[in-house]
Structure formats: C-alpha cells, structure tokens
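Participant: Let me begin by handing over the structure; questions about it come next.
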Amino acid sequence: MAEITPMMRQYLEIKDKHLDKILFFRLGDFYEMFRDDAREASALLNLTLTHRQDEPMCGIPYHSAASYIRRLLEAGRSIAICEQVSTPGEGKGIVRREVVDILTPGSLVEDNYLGTSASNYTLAVHVGPSQGAVAVADLSTGEFQATAFSTVGWKDALARELQRFLPRELLVSAELVRDEPSFAALLVGFPQTVVTTLEPWRVEGQNGYRRLLEHFGVASLQAFSLHEESPEAVPAGALLDYWRRGNPGRSLGHLRHLTVFRPSDSLQLDADSARSLEITANARDGSKAFTLFEVLDRTCTAAGSRTLQSWLKFPLVETGPILWRQDRIESLVRDSTLLVRLRKLLSGILDLERLAARLALDKASPRDLVGLGTSLRRALELAAVLEQHPEGLLFLNDLTTSDREALEREAGSLARTLLADPAPQLGEGGLIQSGVSAELDELRNLRDNSQQVLESYLAEEQTVAGLPQLKLKHNRIIGYFFEISKAKLDNPPAHFQRRQSLLGTERYSTTRLRELEDRLQHAEERIFTLEKALFLDLRNGLKLQLPALGAVAALVAQVDVLASLAQVAQNGSWVRPLVESGSELLLEDARHPVVEASLPAAFVPNSVHFHPSDSLFLITGPNMAGKSTYLRQTALIVLLAQTGSFVPCSRAEVGLVDRIFCRVGASDHLAKGESTFLVEMQETARILRQATARSLVIMDEVGRGTGTRDGFSLAWAICEYLLETVRAKTLFATHFHELTALRHPALSNFSMAVEDDGREVVFLRKVVAGASDNSYGLHVARLAGVPGSVVDRATAILESLPPEQGLPGSQTARRVQLDLFAAEPQPDAVRDRLRELDPDNLTPLQALTFLAQLRETAFS
Ligand code: ADP
C-alpha cells in the first residue's frame, strides 16, 4: 500500500466529517471523488473510474459540475462541496480546503438543481412521550410551518402531513427509525422522500426552542404561540440546526416566520383521502397530470403556482376568508380588462421568493440581482394598479408604504449599478456599469486605453522635457521604458532613471511610468476585485430589505392565484358558490373539473342536494355508469368552494364542512404487506371514528374486498352506523343492490340512469332518484373486450341461477335493520354476546367485525 500523501490525509480528515455525503474535493479545475464515493459516483454518473496511488478516484470538471450534481441529487444522494480556500503558495504546506456548501435533496436553492418551480419541502418529525410534532420548511422559498399531534396517533398524523407536503427530505431521529419497525412501511407511498437520520439529541429536548429564539432574535416565542414545552419547537429547531450546519456562516434570514397550525384550522383530509381525491398529485405516478391543481393552475409566476398548491393543501373552514377570496375573484371575472392587465404584469415577474432565498443565503448571482431588479419594478407597478382600482382591490397586506419606497429605491439602484447582461460568475468582471465608481472607470480606462494613456504620457514628457525625439518602448525584460539616442540627450531630466545603456541609445524609466505600468498590469485583476466588492456591497444592502421583499413576493403570489382562479372561472363558466355555516349542500348541474377537462365528449352534469335533514345518499348503478365520478366531483367541488374558488356548477350552496373523507378503491397497500381488505377496513374505521355531522363522507364500493356475504353485511352495518351515529353527509356508492332495502328518514336512494332496450345498453351518466336493479356487469365485460363466448357463457350461468344467489334477500336484509333497532327482546345467543361486550375497549374495526358476527349469530 502506498504511503498516504498529505493531500490524501487532508481528504480523509474532511471526509470523516461527512461520511453520509459524497465529497466533491476541489483539485485545481476538477472536483475529485475518492474510494467509495468514487465507486458510487462513477456508477451513478457513468464516469470512468481511475486510480491514483492505488486509490479509486473519478473527477468532474468544475465548470460543468452542476449537471452532475443535479443527477446525484435526483438519485437521492447528498453532496458536500469542498473548496480550496487558500491560494497555492500562500503559507506553508498544501492548499487549505474546507467544505463550503452541503447540498441535500431538501436544501437546494439554485434553480438549476431544483429543476422545477414546485415547492421543495423538508419535513422534520419528533415523537415525544405524549406529544409529537412535525415542522416543514422550504429553504428555497422561506416557507416554514409546524404542527403538533398526540403521540397515540402519530403515524396517521405523519402520513397526513407527508401527503400534504410531499417532502423531498425527511429528517428523523435514527432511534425512531431503528425502534419503529413500521417506519419504512409509512414511507411506501412517498417514493420522492429521502430519509436523513439525525442523532437523537438533535430532535428532542429544548434545544429546538433555544434555536428558534436565536434564529428569530427574540426573547420569547409567544408571538408564534409557542412556549418552552411546545412540541412544535423541537422539529422546527432541528430543521434550522440541520440547515445551519449545511450552510456554514450563512444566515437563514428568509425564514422570517414560523406558522404554527392546528389540523382543525383548515378543512381536514387524511392521507388516504387526499391521495384518492388527486388534488395536487395523482395516485398513479404522483405527478400533477389529471389533478385538480392542473386544472386550476393558470398562474403566471412560480410563486403563484406554489401558493395555489398551498391553498389547496389548506382549504378554509370559516366564511370570512372565503368571502374575501371570492370577492376578489368576482371583481376580476367581471373586469376582464383588469384581469388581462394584471396577468400581463405578472408574467414578467421572476420567482421573487427564490431570489430572496438566494439573497439571504449569499447565493444570489449577478443575474439573479438583475432579475430581481426588473421583477421588483413590475411588482411595484402591479401594486400601483391594484391600489388605483376603484373597487379598492388592493390587498397589500404586510407591504407598507415604507416597504414600497425602500424597494423602489433598491430597484433603482440595481438598474443603475448592474450591467443588463452581467457575467454569470463573480470574480471575472463584467458586472458593474460605468459611472458607478470613479476608481473602476479609471481602471477600465487604463486597461482599455492603455496605449492611449501611455502615449499621452509620452507626449507630456516630450513637451515638458523638451525632447520631441523621446520614444516609448517595451520589452519583456525591463517592461516599458523611454528611449532616446545619446546624441539627442546631454542632460537627462532629474526624474529620469537610467535603466539600460546601449550603443548610441539610453533607456530610462520614471516613477510615474513604473506606476502606470504596474497599474496597467494589475488593472484587470483590480477591476475584478473592485467589481466583486461593489457587487457584494449592493447584495448586502439588499439583504436588509428581506422582509419587504417577502411581503412583495407574497402579494404577487396572492394576486397571481386569484387571477388564475378568475381565469379558470371565466373560461369554464364556473359560478360563485354561496358559502355559509349551515348544513345544506346544493350543487346544481355539477361537473367533475378534471374529468370534464380531459373528456373529448360533453360531460353530463349532475346535481346533488343534501337538505339539513338528509344524511346518506345511496347510489347504485352498474360499473362504469359514472358513480365514482359523481362522488368525487361532489367532494372536489366542496373543497374548491372552501378554497375560495368558483365552482363548476350552474348554482351552488355549500354549508361549510370540517373534514372530507374519501374511501375509494384499493391503492398501493400491497407493498406495505397489508391486504386490500384490511386497508379498506382501517380506512373505514377511521371514518366511523373521526367523521362528524359536519363532515362530508365519500364511500365507494365499501365491502368489495371480501366475500359477498361479509361485504354486504359490513356495507349494511356501516350505512346504519353512519345514519344513526355519525350523521355526516355521506355519498355511498355500491354495487350491492340489496342495500337499497335499507330504510331511514335521512337516507335517499339514487341510481345511474341506463338505457336498456334488451340488447344494447347505454350509460347516460345521469343520476336519478330511486334504486337501480341491474348491475350490467356482463355488458361492461363485453365493452372491455372479454371474448364474446365467455360473456355468452356467463349470461347462461346468470340465467340459471336462483335470484340473488348468495346474498340475504332484501326481505331478510330489511329484517336485520328492524331487528337491530327494534325494542323487542332479541334471541338469547345475541343477547349473550351483547352482554359480554365491553364497548369501551373496542376499536371500530372490532365493532364492525362484531356486528357482522352478531348478524351471523342472529340468523344462522
Ligand atoms: P363507476 O364508478 O360507476 O364505475 P366511473 O365514475 O368510474 O364509473 O365512470 C366511468 C367513466 O365514465 C369515466 O371514466 C368517465 O370517462 C365517464 N363519465 C363518468 N361520469 C361522466 C359524466 N357525468 N359525463 C360524461 N362522462 C362521464
């Protein structure tokens, strides 16, 4: 084994502190990787693995590092960038090197690493003995939030927040990952999330609270509704600590506020419901294709698009803020000229939030600042347009007059100082306009007009010394010099210093010539240094305006979302829903916003009307008739209404709901090792346990995942429980036609209209009152391309079966209901079982199972 060189020793020392990262070790114009890092990177990046003194290594040129870094980050790896921090030859020994930046998937701020303008969240979780919390932040925009939960339900709470934010990185204590075997299963539905484990002490105790105090520069966190014991402070502080360590020496000044929220502050959706409603990510590949967000996103700015997502993540539960948004959307829908004007101004505004983030982290490039300047001017123009609007549309929020004046000044100074198309990098000149610094102008003059400067000096000397024959020459040995023939010069001027004496000629220098030469030689270098210093002054000055920048960025984003929602409403003829605190739900001629947008043929509108006395609508109808679409559109429209948006209906009245539950189809749970039916029942249990009379419940084909008899019994019992106990507004779609025998004053039956002339079946996609009586399964099988002979055989089998084979007949079913709620004494076996029951120690799932068994016992 070769002896370790001093450089390799330095490498190993640094690497030792960053074992979980790929270390990019700067060597001249390359970043080199060694040993395991080299093996891994060469495989991931398809680079040639070489060896240096037996050490595996591979390298990438410094100038093209960005694309390699991006690929490693996409592969979920983190990178420590180690730079040379002293110049070769300075001091003794080898060049000093330090890690100057740590790039992890969740802590990126540069557009070329981030790829898209979507939010890039990091979520930190803490689970304490009785309470836990998550904190979530986007370092690239400064968004920072936290919420607490009780430890009993921490997995549901974590899943809910993971689904809400879809973080790129999850910070968690190594202990939790180790001690909680189901932790990996929790993450199955979140392939984009990279897990980073932290030493347990970093995500517990009161360090978090102290870090927050320090970060916000305050003596107490009362303003954030936090105290020393608040669980939210723990992961929030852990996040700050993590990023501090990754950005040595930099402030995180753009994380200006920590929003502490409670789930009940907004319309609540658990992880499964949010996933199956496909609000911001589709259930298939997690992309935004065919989502509600895709339909609504007509924003012109990146920050607007992110804010729209965040509105959808936190639908409102109070009428006041909903009306505020509706009023503004309505004004914009009515005033198309204003809408067009605002959208035009918006479309020239760059991502102010990310620009501010890079500014805070000292990562804003010269081009960033030029973009910031032009975007600021446009944003201020936008504010002025809103302010002048006769309807008082201005919603400047936190943007005060003094903020606006300060930003006006900064935009002016950016426009006056920086070149319109500056060099991409610092330290290579090409940044600052002329007229900004007299010294810079002089240096540039010197560089650009060096010949002229020298010649004018020569002319000066020729006149002053009375030596018109004096020449100015240059060679590599002595540099610039004056030359004159000996014959012409008897008595050299006193300030002439002889440099060389040749045959017939004398060579002289002067202090001024040497100075000029020195300045010329160093002009370029000094120009670079001075331009950089001027740029950094400008950047540091701008940093003082981070709060005002944050306020203007928020204003732009908000106007953009409102304009986008107005545009969508205008294009699709959506209406303003009447939102109120009552419990009515009326959606006339409602359409599914996503299906409608993607359907080549016309979408058939359907209405839904829950009077305050209605609770459960049972929707029967064959597969493919449009049941799921109807159910989901109802949920999505309620969600839209509570987001403040207009809705795709001809008329709408929405009594505010507290939660939406959506239980549909099987999803990806097989990967978690759970049976589809178990998951279906877990979700059902959650709904029965958590839904309130103010909730909206969507249940599609519950009971399908088990045997027909079990499934039917469960569906029946669940409907009864929903009607008797929960009393939420429920849309319950089922292919168990026998369920329509269920009777209750708060229940109504609907079905999907089908035209059937005995041979041909046409789905009309129309919801009509009353139950359906045929499943048309064979028809759907034929539509799906099942061979005709199979369908014919199935038809023959069906015809040979006794009616409703395998299920309790509807008469029996009705008796179940009557018996269970009747006052008469029950058969003894049933009574015995009931007597043994300890309702206090029963989970909803056990209750459901018990109920099914009870039924079996009663009728066996
Ligand atoms: P079900 O739940 O009854 O099996 P779906 O709701 O999945 O049926 O609808 C099946 C297909 O019918 C959808 O993919 C959609 O293309 C079409 N569809 C559903 N509802 C409508 C409608 N109201 N108007 C037009 N097409 C519809």
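The values are calculated or read from the model by the stated rules, or taken from the named source; none is laboratory data. As the structure is a prediction and not an experimental result, all values here were calculated from the model. Every residue, glycine among them, receives a Cβ derived from its backbone with ideal geometry; neighbour counts consider all protein chains shown.
Participant: Hey, any hits in the stretch 45-59 for a residue that's loosely packed, with under 15 Cβ neighbours inside 10 Å, over 25 Å from the mean Cα position of the chain (by Cα), among the hydrophobic types (A, V, I, L, M, F, W, C) and within 26 Å of Arg250 (Cβ to Cβ)?
Facilitator: no
Participant: Would you be able to say whether some residue in the stretch 616-634 is more than 27 Å from the chain's Cα centre (by Cα), away from the ligand (no atom under 16 Å from the Cβ), modelled with pLDDT of 95 or more and not in a helix (DSSP H, G or I)?
Facilitator: Yes: the stretch 616-634 contains one or more residues that are more than 27 Å from the chain's Cα centre (by Cα), away from the ligand (no atom under 16 Å from the Cβ), modelled with pLDDT of 95 or more and not in a helix (DSSP H, G or I).
Participant: Another question about this same structure. Which is crowded, with 19+ Cβ neighbours inside 10 Å, at pLDDT below 95 and more than 19 Å from Phe528 (Cα to Cα), of Leu382, Leu376?
Facilitator: Of the residues listed, the single one that is crowded, with 19+ Cβ neighbours inside 10 Å, at pLDDT below 95 and more than 19 Å from Phe528 (Cα to Cα) is Leu382.
Participant: From the list Ser78, Ser42, Ser64, which residue is of a type in the set (Ser, Thr, Tyr) and in contact (Cβ under 8 Å) with a residue 40 or more places away in the chain?
Facilitator: The conditions single out Ser78.
Participant: Can you name the residue in the stretch 599-615 that is near the ligand (Cβ under 8 Å from one of its atoms) and not in a strand (DSSP E or B) and is also surrounded by the fewest Cβ atoms within 10 Å (Cβ to Cβ) among such residues?
Facilitator: Ala601
Participant: Looking for whichever is of a type in the set (A, V, I, L, M, F, W, C) and part of a strand (DSSP E or B) here; the options are Val218, Val195. Which one fits?
Facilitator: Going through Val218, Val195 in turn, just one is of a type in the set (A, V, I, L, M, F, W, C) and part of a strand (DSSP E or B): Val195.
Participant: Considering only residues that are among the small types (Gly, Ala, Ser) and at pLDDT below 90, look in the stretch 232-273 and name the one that is nearest to Gly320 (Cα to Cα).
Facilitator: Ala271
Participant: Under 9 Å between Cβ atoms, which residue pairs at least 6 apart in sequence (or on different chains) link something in the stretch 458-475 that is β-branched (Val, Ile, Thr) with a partner that is modelled with pLDDT of 90 or more and in a loop (DSSP other than H, G, I, E, B)?
Facilitator: none
Participant: Just one of (1) surrounded by fewer than 22 Cβ atoms within 10 Å (Cβ to Cβ); (2) out of contact with any Cys (no Cβ under 6 Å at 6 or more places or on another chain); (3) modelled with pLDDT of 95 or more trips up Thr301, so point out which.
Facilitator: (1)
Participant: When Ala174 is evaluated against the numbered criteria (1) out of contact with any helix residue (DSSP H, G or I) (no Cβ under 9 Å at 6 or more places or on another chain); (2) free of Cβ contacts under 8 Å to residues at least 40 places away in the same chain; (3) among the hydrophobic types (A, V, I, L, M, F, W, C), which criterion, by number, is the only one it fails?
Facilitator: Every listed condition holds for Ala174 apart from (1).
Participant: Now a separate question. Please work out which one of (1) of a type outside the set (Asp, Glu); (2) outside any helix (DSSP H, G or I); (3) surrounded by fewer than 21 Cβ atoms within 10 Å (Cβ to Cβ) is the condition Arg71 fails and give its number.
Facilitator: It fails just one condition, (2).
Participant: Only one of these is surrounded by fewer than 21 Cβ atoms within 10 Å (Cβ to Cβ), at pLDDT 95 or above, away from the ligand (no atom under 16 Å from the Cβ) and not hydrophobic (A, V, I, L, M, F, W, C): Arg576, Arg514, Arg499, Arg507. Name it.
Facilitator: Sole residue among the options that is surrounded by fewer than 21 Cβ atoms within 10 Å (Cβ to Cβ), at pLDDT 95 or above, away from the ligand (no atom under 16 Å from the Cβ) and not hydrophobic (A, V, I, L, M, F, W, C): Arg576.
Participant: State all residues of the stretch 704-742 that are touching a strand residue (DSSP E or B) at 6+ places or on another chain (Cβ under 8 Å) and among the hydroxyl-bearing types (Ser, Thr, Tyr); if no residue qualifies, say none.
Facilitator: Selection gives Thr730, Thr734, Thr740.
Participant: Can you find, within the stretch 136-154, the residue that is surrounded by the fewest Cβ atoms within 10 Å (Cβ to Cβ) among those that are assigned to a strand (DSSP E or B) and small (Gly, Ala, Ser)?
Facilitator: Checking each candidate, the answer is Ser150.
Participant: Scan the stretch 455-467 and tell me whether some residue there is part of a strand (DSSP E or B), more than 60 Å from the chain's Cα centre (by Cα) and within 13 Å of Tyr508 (Cα to Cα).
Facilitator: So far as the stretch 455-467 goes, no, none of its residues is part of a strand (DSSP E or B), more than 60 Å from the chain's Cα centre (by Cα) and within 13 Å of Tyr508 (Cα to Cα).
Participant: Does Leu332 satisfy the criteria of being more than 25 Å from the chain's Cα centre (by Cα) and surrounded by 22 or more Cβ atoms within 10 Å (Cβ to Cβ)?
Facilitator: Criteria met by Leu332.
Participant: Just a yes or no: is a residue in the stretch 636-649 buried (at least 20 other Cβ atoms within 10 Å of the Cβ) and at positive phi?
Facilitator: yes
Participant: Can you tell me how many residues within the stretch 635-658 are within 16 Å of the ligand (Cβ to nearest atom) and either farther than 24 Å from Thr307 by Cα or of a type outside the set (Gly, Ala, Ser) (or both)?
Facilitator: 6
Participant: Here's a follow-up. Failed condition for Ala406, given (1) within 27 Å of the chain's Cα centre (by Cα); (2) under 19 Å from Gly253 (Cβ atoms), with all others met?
Facilitator: In the conditions (1) within 27 Å of the chain's Cα centre (by Cα); (2) under 19 Å from Gly253 (Cβ atoms), Ala406 misses (1) alone.
Participant: Of the residues in the stretch 212-240, how many are surrounded by fewer than 20 Cβ atoms within 10 Å (Cβ to Cβ) and not hydrophobic (A, V, I, L, M, F, W, C)?
Facilitator: 8
Participant: Condition first: of a type in the set (Val, Ile, Thr) and at pLDDT below 90. Can you find one or more residues in the stretch 458-472 that meet it?
Facilitator: Yes, the stretch 458-472 contains a residue that is of a type in the set (Val, Ile, Thr) and at pLDDT below 90.
Participant: I'd like the residue in the stretch 734-763 that is assigned to a loop (DSSP other than H, G, I, E, B) and in contact (Cβ under 8 Å) with a residue 40 or more places away in the chain and, out of all such residues, is nearest to the ligand (Cβ to nearest atom).
Facilitator: His735
Participant: Considering only the stretch 549-573, state which residues are closer than 30 Å to Val768 by Cα, away from the ligand (no atom under 16 Å from the Cβ) and part of a helix (DSSP H, G or I).
Facilitator: If the condition is that a residue be closer than 30 Å to Val768 by Cα, away from the ligand (no atom under 16 Å from the Cβ) and part of a helix (DSSP H, G or I), then Val568, Ala569, Gln570, Asn571 are the ones that fit.
Participant: Report, by residue number, each residue of the stretch 764-784 that is at pLDDT 75 or above and either within 43 Å of the chain's Cα centre (by Cα) or part of a helix (DSSP H, G or I) (or both).
Facilitator: Leu764, Arg765, Lys766, Val767, Val768, Ala769
Participant: Same structure, new question: Mind checking which residues of the stretch 116-133 are over 12 Å from the mean Cα position of the chain (by Cα) and either surrounded by 19 or more Cβ atoms within 10 Å (Cβ to Cβ) or in contact (Cβ under 8 Å) with a residue 24 or more places away in the chain (or both)?
Facilitator: Across the stretch 116-133, the qualifying residues are Ala124, Val125, His126, Val127, Gly128, Gln131, Gly132, Ala133.
Participant: Only one of (1) within 30 Å of Pro235 (Cβ to Cβ); (2) assigned to a loop (DSSP other than H, G, I, E, B) fails for Leu123. Which number is that?
Facilitator: Looking at each condition in turn, Leu123 falls short on (2).
Quick grid of which residues meet (1) basic (Lys, Arg); (2) part of a strand (DSSP E or B); (3) touching a Leu at 6+ places or on another chain (Cβ under 9 Å):
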{"position": "Ala693", "(1), (2), (3)": "no, no, no"}
{"position": "Met699", "(1), (2), (3)": "no, yes, yes"}
{"position": "Gly711", "(1), (2), (3)": "no, no, no"}
{"position": "Leu714", "(1), (2), (3)": "no, no, yes"}
{"position": "Ile718", "(1), (2), (3)": "no, no, yes"}
{"position": "Leu722", "(1), (2), (3)": "no, no, yes"}
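Participant: Looking at the stretch 234-280, which of its residues are more than 22 Å from Lys313 (Cα to Cα), part of a helix (DSSP H, G or I) and aliphatic (A, V, I, L, M)?
Facilitator: Once the filter is applied, which keeps residues that are more than 22 Å from Lys313 (Cα to Cα), part of a helix (DSSP H, G or I) and aliphatic (A, V, I, L, M), the stretch 234-280 yields Val234, Ala238, Leu240.
Participant: If you check Glu175 against the conditions, is it more than 26 Å from the chain's Cα centre (by Cα) and either surrounded by 18 or more Cβ atoms within 10 Å (Cβ to Cβ) or more than 21 Å from Leu361 (Cα to Cα) (or both)?
Facilitator: Criteria met by Glu175.
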